[in-house]
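Each remark here refers to the structure printed beneath this line.
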Amino acid sequence: MITLQRPGALSALPPLSLYVHLPWCLKKCPYCDFNSHELKSDAAERAPLEARYLDALRADLEAALPQIWGRRVFTVFIGGGTPSLFSPDSIDRLLADIRARLPLEAGCEITLEANPGTFERDRFKAFREAGVTRLSIGVQSFDDAKLKALGRVHDRAQALAAVEEAQRHFETFNLDLMYALPGQSPADLDADLSQALAFEPPHLSLYHLTMEPNTVFATRPPEGLPDEDTAFDMLDHLVERTADAGLQRYEVSAYARTGHHCAHNLNYWQFGDYLGIGAGAHSKISFPDRIVRQVRWREPAAYMDKAVQGLAVSNEQDVALSARGFEFMMNALRLKDGFELLRFTERTGLTLASIQQPLAEAEAKGLLQRDLARAWPTAKGFDFLNDLQALFLKD
């Protein structure tokens, strides 16, 4: 008897992660296009808001459970916003609510984004005790002038103290740095990188400052931005120096020591599944016969009202069969090692024949290499990633 599989059907479901969005910051940075909102109140006034938001997250998660029933979660990422504004007791409650409702894999990676301000730094030990296993610290720069230009609320001294505190309590932590900053010279960048590497961080995320739409910088760009050639030279320098320090570039913006790759982000880049809860959070959930994307209500107040009614999702749509190949490649080609060819079929329900032409074109242009098992971007493909990814976009 021959069994015919429906086109686009998935033979197996991918790994599942959980993303939790905590949307508040002390101040909105002028380059930031994330769903973050300034929090005006002091710590005492924040407590009732935190409790209400946690109630909404719990209701959101409970309403989503039927979509992921029986599936284990192997990473949790608490992002924002500035999640470290939430008290350790609130993070402890959040993680307890999650554990009570979801089966977490043994050794589940649990990441919390944090800022270097003294107020948050003092909480790092308590976050570890609450169950956070990995801290990601938004340093951006160790130069006071550059931090001011970026609109950051911390200074160099606070950044140094925060990283030292993270070292004490976390075996794995990440430092975020930005380059091509206003007025930044190659020597300035080298000083920032030297300071970061002096801490021997297990993981570094290095981001080019970009003028994202709907940000203050998009409408009023800062003066003194390095030109494109200088920015390319800066990136080359970053890649060389991080490699010399034992950090391998495994993704376009991510550098890590062996055993310290970010498992949560790897799941995104490998076209895994993720349930996103919280204001404005995005989800990608696979079923045997379809792949669904969801978005939660963006405004925190609206989200909290809707979530407790079981209506946290503001928008839901299936990923069209014709779009799956591009979506997969948009993520997988960010990885230095690329992707297994069989994983493409497993995660998209498409045959390799559906991307054979753009694969061949990318190879002919020197943007991609492949063998019988894998395909991966070349050094040129990494430098011109947008061009490489665009080859897989169907008209």
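Observations
- Flag for ALA145 being touching a helix residue (DSSP H, G or I) at 6+ places or on another chain (Cβ under 7 Å), assigned to a helix (DSSP H, G or I), in contact (Cβ under 8 Å) with a residue 12 or more places away in the chain and not β-branched (Val, Ile, Thr): no
- Considering only residues in segment 317-352 that are under 30 Å from ALA56 (Cβ atoms) and touching a residue at least 40 places away in the same chain (Cβ under 8 Å), the one that is surrounded by the most Cβ atoms within 10 Å (Cβ to Cβ) turns out to be ASN331.
- Meeting the requirement of 3 or more residues that are at pLDDT 95 or above, assigned by TED's automatic domain parsing to the domain that holds LEU206 and surrounded by 16 or more Cβ atoms within 10 Å (Cβ to Cβ), the strands (runs of 3 or more DSSP E) wholly within segment 236-316 are 248-251, 254-256.
- Taken over segment 217-235, the criterion of being surrounded by 16 or more Cβ atoms within 10 Å (Cβ to Cβ) and under 16 Å from GLY151 (Cα atoms) is satisfied by PHE217, PRO222, LEU225.
Residue by residue, here is whether (1) assigned by TED's automatic domain parsing to the domain that holds ASP42; (2) crowded, with 21+ Cβ neighbours inside 10 Å; (3) within 19 Å of the chain's Cα centre (by Cα) holds:
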residue: PHE127; (1), (2), (3): yes, yes, no
residue: ILE137; (1), (2), (3): yes, yes, yes
residue: ARG168; (1), (2), (3): yes, no, no
residue: LEU177; (1), (2), (3): yes, yes, yes
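- In segment 22-70, of all residues being in contact with a strand residue (DSSP E or B) (Cβ under 7 Å, 6 or more places away or on another chain) and assigned to a helix (DSSP H, G or I), the one that is surrounded by the most Cβ atoms within 10 Å (Cβ to Cβ) corresponds to ASP60.
- Top-ranked residue of segment 169-181 - restricted to ones that are in contact with a Phe, Trp or Tyr (Cβ under 8 Å, 6 or more places away or on another chain) and of a type outside the set (A, V, I, L, M, F, W, C), ranked as nearest to ARG123 (Cα to Cα): HIS169
- Total residues in segment 150-166, condition among the small types (Gly, Ala, Ser) and surrounded by 21 or more Cβ atoms within 10 Å (Cβ to Cβ): 3
The values are calculated or read from the model by the stated rules, or taken from the named source; none is laboratory data. None of these values were measured; they are calculated from a predicted model. A quick note on method: Cβ atoms are made from the backbone with ideal geometry, for glycine too, and the neighbour counts reach across all protein chains shown.
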